[in-house]
Amino acid sequence: MAERRARRRIPGRDRQQDTGAGLLLGQIVICAAAVAVALGLSTANPMQAAAVSPKIQLLMTAEKVTLPEQAVIAAKEQGEMLWNRTRETVLGWIELLLRDNRHPAAVQETAGEELNGVGGWTGTDDQSHLPASCSLAPLFCSAQVEPPVSGRVTSFYGFRIHPLTAADDFHRGLDIAAPSGAGIHTPLPGRVAEIGESAIYGNYVTLDHGNGCQTTYCHCAEIIAEQGANLRKGELIARVGSTGISTGPHLHFEVQKNGVYFNPAWVVDGMEGYGI
């Protein structure tokens, strides 16, 4: 009798057991989906895979997680990095080429000539770390910054595969392909702080715009401005060339604030996809 009672089915208990099993199965499915998403993100962004995986494991096993202040700051910095990369990717999808009519004296593109010059090199071969002299944070300017030259952007600011060495590299400026000899004009009023020649960046000129802001123009065929000269916005400072490490005529344009390099695309007016 006792054995038969032990085997007797109790409908309410069975329903509870079935419900509990269903909830358990649902939790397992949700956890599996979370792991799949995490693995997908890690695969899409190998640079952060090593850092993301331990954090995912910690969140899945810990009962309570308290984020220290340093972790919150690091998350904010990573958010800024992802925002910049997303912005550059979206710009790359919009392939628009605009011709600049601001400078009528600019040399016109030769018919049939493909302008795709790129160059420069920072020597950075580790894409898991941002160079100390560079930033991915936004930069804003209260004045309108005109493009120094018109053309196609052949290499954006940020991590890239070097066009000549095929090695990992961090590009600290914008490469703008333009006809050889095209005029390079000042985007803002400034003083000529430095004129020089580099094995990597060829003939270059740096302008000081005050308040810690400087711009540099590299791979020039000729420097027109003189050392120490005070220039107004739109004045001719140099001509496009292919000096230094370069695959063709283009301008390598850099923006610095207090000695740190920033993405020129944040401040240059008229950026549209691959064109300026």
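The values are calculated or read from the model by the stated rules, or taken from the named source; none is laboratory data. The model shown is predicted, which means the values in this text are computed figures rather than measured ones. Heads up, the Cβs are rebuilt from the backbone with ideal geometry, glycines too, and the neighbour counts pull from every protein chain shown. Areas reflect the complete protein model, heavy atoms only, side chains present, ligands, DNA and RNA absent. Shrake-Rupley method; radii C 1.70, N 1.55, O 1.52, S 1.80 Å.
If you check 127, 108 for being surrounded by 15 or more Cβ atoms within 10 Å (Cβ to Cβ), among the polar types (S, T, N, Q) and either at pLDDT 80 or above or assigned to a loop (DSSP other than H, G, I, E, B) (or both), only one passes: 127.
Yes/no matrix, rows are residues, columns are (1) crowded, with 20+ Cβ neighbours inside 10 Å; (2) assigned to a strand (DSSP E or B); (3) in contact with a helix residue (DSSP H, G or I) (Cβ under 9 Å, 6 or more places away or on another chain); (4) not hydroxyl-bearing (Ser, Thr, Tyr):
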residue	(1), (2), (3), (4)
149	yes, no, no, yes
160	no, yes, no, yes
164	no, no, no, yes
175	yes, yes, no, yes
181	no, no, no, yes
184	yes, yes, no, yes
191	no, yes, no, yes
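Taken together, the residues in the stretch 245-262 that are modelled with pLDDT of 95 or more and in a loop (DSSP other than H, G, I, E, B) amount to 3.
Whether any residue in the stretch 257-270 is of a type outside the set (Val, Ile, Thr), over 25 Å from residue 197 (Cβ atoms) and open to solvent by less than 10 Å² (accessible area, probe 1.4 Å) is what I want to check. Taking every residue of the stretch 257-270 in turn, at least one turns out to be of a type outside the set (Val, Ile, Thr), over 25 Å from residue 197 (Cβ atoms) and open to solvent by less than 10 Å² (accessible area, probe 1.4 Å). Please enumerate the residues belonging to the stretch 193-204 that are of a type outside the set (S, T, N, Q), surrounded by 15 or more Cβ atoms within 10 Å (Cβ to Cβ) and part of a strand (DSSP E or B). Within the stretch 193-204, 193, 195, 202, 204 qualify. Among the residues making up the stretch 232-244, those that are surrounded by 20 or more Cβ atoms within 10 Å (Cβ to Cβ) and in a strand (DSSP E or B) are 237, 238, 239, 240, 241. Just so you know, in the stretch 205-221 the residues that are open to solvent by 40 Å² or more (accessible area, probe 1.4 Å) and in contact (Cβ under 8 Å) with a residue 40 or more places away in the chain include one that is nearest to residue 149 (Cα to Cα), and it is 221.
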